[in-house]
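The values are calculated or read from the model by the stated rules, or taken from the named source; none is laboratory data. The shown structure was predicted, so the numbers you read here are calculated from the model rather than taken from an experiment. All Cβ positions, even for glycine, are placed from backbone atoms using ideal geometry, and neighbour counts span all protein chains on display.
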Amino acid sequence: MKIRFSANILPLSWLIRLWCFSRVSHVEFIFSDGDMIYPAVETGHVILTREKEYFQEYIFELDVTKKEEQIIKDWAKSQIGVSYDYTALAPLNVLIPRKKKYWKNNIRWMCSEFCAYGLELIGIKLFEESCRKITPSDLMKAIENCPEARLVKKETKIKFI
């Protein structure tokens with residue numbers, strides 16, 4: 001099982017990276033069978049799809065058992081259709097107050113909070129209960145320092161000179 005951090009060249013990706021002070025704009029689980037489940041900003045809810053590529057991506061292999069992977073996948077499938085948390089993207093949540101008070105509230109998901117919660121289900125606790133918001137950058141920093149994760153791919157397909 002893997003977790004992928006990514007960015008693309010579309011304007012929304014640039015805005016998310018700017019608003020979240022992040023080098024990536026998206027996070028998703030990639031399961032061993034190629035399924036991906038994540039909250040998609042484009043559709044407005046959690047979706048299941050097949051593996052795809054981005055112009056910039058960091059992929060980490062997670063040291064989890066098949067049983068642990070299945071726990072995450074079953075939970076993630078149960079979240080299909082849950083709304084995307086657009087209020088999490090507002091800069092500093094000054095103009096648009098966030099609907100969620102804490103990151104674990106499952107009324108709606110931002111991709112990074114969705115993935116952090118899935119990992120916590122199998123005992124990989126990366127954030128405190130009191131944390132209000134987890135951005136893609138926050139989760140990437142936590143994963144880079146997580147003993148259960150190993151970077152297996154770092155790639156940028158488009159080079160800017």
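Taking every residue in segment 48-59 that is touching a residue at least 60 places away in the same chain (Cβ under 8 Å) and within 11 Å of K153 (Cβ to Cβ) and pairing it with any residue that is surrounded by 16 or more Cβ atoms within 10 Å (Cβ to Cβ) and of a type in the set (K, R), at least 6 positions away or on another chain, the pairs with Cβ-Cβ distances below 6 Å are E57/R4; I59/K2; I59/R4. Looking at segment 101-129, which of the residues that are surrounded by 19 or more Cβ atoms within 10 Å (Cβ to Cβ) and of a type in the set (D, E, K, R) is modelled with the lowest pLDDT? For segment 101-129, the residue satisfying everything is R108. Within segment 12-42, the set of residues being loosely packed, with under 13 Cβ neighbours inside 10 Å and at pLDDT below 85 comprises L18, F21, E42. Of all residues in segment 77-89, those satisfying the criterion of being aliphatic (A, V, I, L, M) and assigned to a helix (DSSP H, G or I) are A88, L89.
All of (1) surrounded by fewer than 16 Cβ atoms within 10 Å (Cβ to Cβ); (2) over 23 Å from I122 (Cβ atoms); (3) touching a residue at least 24 places away in the same chain (Cβ under 8 Å) hold for N8 with one exception: (1). For segment 77-92, the criterion of a residue being within 28 Å of E129 (Cβ to Cβ), out of contact with any strand residue (DSSP E or B) (no Cβ under 7 Å at 6 or more places or on another chain), modelled with pLDDT of 95 or more and buried (at least 18 other Cβ atoms within 10 Å of the Cβ) is satisfied by no position. The listed residues are K133, K154, and the only one of them that is more than 16 Å from V46 (Cβ to Cβ), at pLDDT below 90, of a type outside the set (D, E) and buried (at least 18 other Cβ atoms within 10 Å of the Cβ) turns out to be K133. Applying the condition of being surrounded by fewer than 16 Cβ atoms within 10 Å (Cβ to Cβ), outside any strand (DSSP E or B) and in contact with a strand residue (DSSP E or B) (Cβ under 8 Å, 6 or more places away or on another chain) to segment 51-76 and asking which residue is modelled with the highest pLDDT yields D63.
Counting only residues that are within 22 Å of E144 (Cα to Cα) and in a loop (DSSP other than H, G, I, E, B), segment 15-50 holds 8 of them.
Contact map, segment 109-130: first residue at positive phi, second residue not β-branched (V, I, T), Cβ cut-off under 6 Å, separation 6 or more or different chains; the map is empty.
On inspection, E148 passes the criterion of being under 24 Å from T65 (Cβ atoms) and surrounded by 14 or more Cβ atoms within 10 Å (Cβ to Cβ).
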